[in-house]
Amino acid sequence: MRIVVPAGGTGGARFVRGLLAALADSSGTGAPGEGWTVTVIGNTGDDLTMWGLRVCPDIDTVLYTLGGGIDDERGWGRVGETFTVKDELAEYDSLPTWFGLGDRDLATHLTRTALLADGATLSEATAVLAARWELPGRGVRLLPMSDQPVETHVRLVPPGEDAPRLVHFQEYWVRWRAEPAVEAVVSVGAEDAVPAPGVLEAITEADFILLPPSNPVVSIGSVLAVPGIRTAIEESLAPVVGVSPIVGGQVVRGMADKLLPAIGVDVSAAGVGLAYGPGLLDGWLMDTSDAADVDRVAAAGIACRAVPLMMTDVPATAEIARQALALGELVEQ
Ligand code: GDP
Ligand code: CA
């Protein structure tokens, strides 16, 4: 069984962790990497260069979450993290101080940056990092969406300025806490980018494609913005089932509610499912609190079910993954 999951950071990584638990639990699926594989297509739209280091926030969250190194409370960064280097940088007034690099985390960025400087592609560098977190042994292949930089920028009026301009998504998200109103979301570099090696093949050969509850605009939206990926998913013979990141009309964590209106989408589970649309989705899972909207989504031609969607712990998340696979099997018939 070959499963493909395009994923952002926290929501995507937690979903995949639950999916792995579900696959390990079910009898007859065989060993990780043999009976089944999960190919994660990581969002690199959030990537940025800080102090000369290439930082891939979503890829790192997937590595740490699946590898057992995540700070689960915070949802990003390393457990047991210290911030000595960050404090020292602040002593130098070394900008930007809004991006909190941890000491342990820094080793990941140093390794990646050194590999890239030696001529490795981002795919190759990611494979080295994934080996340290034992992803292959867990049945997971982690591919960046593209080896070319495709950075998500947003058009807004920065605090203290009076004209709109494009700023890096991380600056808007982390530095300004998503407060300025966003006029547009742009994937800078997307036109010239191609999917990373293996991405289109994985989609074409997939038995299931699952869209986790990742941010529809800046996580899944960025992956779909790489030319060829959306079409490959639309044309894939595999069932495509998505899980709503909106529960009870609200984001579960983060600030996706600020971005959905910028692309003209309702902050609701049905709104996101309908925005992905029947061209992309065969099935859509919404939370039980959104059950009243199931018929509206089904009427658009997307098989829709309401089940509990809070990823409170790994067993609860595994159950969401099982529901997604079950809906996929149903629509396949
Ligand atoms: P990011 O890159 O760290 O922002 O992570 P993602 O894009 O992968 O996921 C962020 C999305 O996950 C947010 O829009 C949240 O609403 C959603 N999310 C987080 N926790 C849960 C959960 O327990 N259940 C559901 N359904 N969605 C969640
Ligand atoms: Ca992200």
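Residue by residue, region 256-264 carries 3J(HN,Hα) couplings of 4, 4, 7, 9, 4, x, 5, 10, x Hz when phi is fed to the Karplus relation 6.51 cos²θ - 1.76 cosθ + 1.60 (θ = phi - 60°); x denotes Gly or Pro. Tilt of helix 57-67 relative to the longest C-alpha principal axis of the chain, in degrees (0 to 90, nearest 10)? With both axes taken from Cα atoms, the answer is about 60 degrees. According to the square roots a ≥ b ≥ c of the eigenvalues of the Cα gyration tensor, what is the shape class of region 149-307, taking rounded for a/c under 1.5, prolate for a/b larger than b/c otherwise, and oblate for the remainder? It is oblate, given that a/c is not under 1.5 and a/b is not larger than b/c. Here region 155-206 and region 279-327 have alpha carbon centers that stand 27 Å from each other.
Charge dipole of region 73-198 (Cα centre as origin; +1 on each Lys and Arg Cβ, -1 on each Asp and Glu Cβ, all else neutral): 500 debye, rounded to the nearest 20. Relative to the longest principal axis of the Cα atoms of the chain, the long axis of helix 10-25 lies at roughly 50 degrees. Counting only DSSP beta bridges with both residues in the chain, the antiparallel share comes to about 40 percent.
Tell me, what HN-Hα J-couplings in whole Hz come from the Karplus equation 6.51 cos²θ - 1.76 cosθ + 1.60 at θ = phi - 60° for each residue of region 181-194, using x for Gly and Pro? Rounded to whole hertz, the list is 5, 8, 8, 7, 10, 10, 8, 6, x, 4, 4, 9, 8, 10.
For a quick check, take a GNM of the chain with Cα springs below 10 Å and name the residue from Glu88, Glu171, Glu234 with the largest mean-square fluctuation. Of Glu88, Glu171, Glu234, the most mobile in the Gaussian network model is Glu88. Using a Gaussian network model of the chain with C-alpha springs under 10 Å, which one of Met145, Met286, Met255 is most mobile by mean-square fluctuation? Its mean-square fluctuation being the largest, the pick is Met255. Give the shape of region 82-172 as rounded, prolate or oblate, defined through the alpha-carbon gyration tensor: a ≥ b ≥ c are the square roots of its eigenvalues, a/c under 1.5 means rounded, and otherwise the shape is prolate if a/b is larger than b/c and oblate if not. Cα axes put region 82-172 in the oblate bin. To the nearest ten degrees, helix 103-117 and the longest principal axis of the Cα atoms of the chain are 90 degrees apart. Across every direction, the projection of the convex hull enclosing the Cα atoms of the chain has a mean area of 16.6 nm². Charge dipole of the chain (Cα centre as origin; +1 on each Lys and Arg Cβ, -1 on each Asp and Glu Cβ, all else neutral): 260 debye, rounded to the nearest 20. Taking amide H atoms as placed 1.01 Å from N in the peptide plane, the amide H of Ala196 lies under 5 Å from those of Ser146, Asp147, each 5 or more residues away in sequence or on another chain. Scanning residues 5 or more positions from Arg78 or on other chains, those with amide H under 5 Å from its amide H are Asp71, Asp105, with H placed 1.01 Å from N in the peptide plane. The alpha carbon gyration tensor of region 188-258 gives principal lengths a ≥ b ≥ c with a/c of 1.5 or higher and a/b no greater than b/c, which makes the shape oblate.
Taken about its Cα centre, region 151-191 carries a charge dipole of about 100 debye when Lys and Arg each add +1 at the Cβ and Asp and Glu each add -1 at the Cβ. Short-range pairs are left out: with C-alpha atoms under 8 Å and at least six residues apart, the relative contact order of the chain is 20 percent. Computed from backbone phi with θ = phi - 60° and the Karplus coefficients 6.51, -1.76 and 1.60, the 3J(HN,Hα) list for region 144-158 is x, 4, 8, 7, 8, x, 10, 9, 7, 10, 10, 8, 7, 8, x Hz; x is used for glycine and proline.
Close amide H partners of Trp284, meaning residues 5 or more places away or on another chain with modelled amide H under 5 Å apart, are Gly242, Ala303, Cys304, Arg305.
Bear in mind that the values in this text are calculations on the coordinates, not laboratory data. Everything numeric in this text was worked out from a predicted model, so none of it was measured. Because the Cβ atoms are built from the backbone with ideal geometry, glycine has one as well, and the counts that use them run over all protein chains shown.
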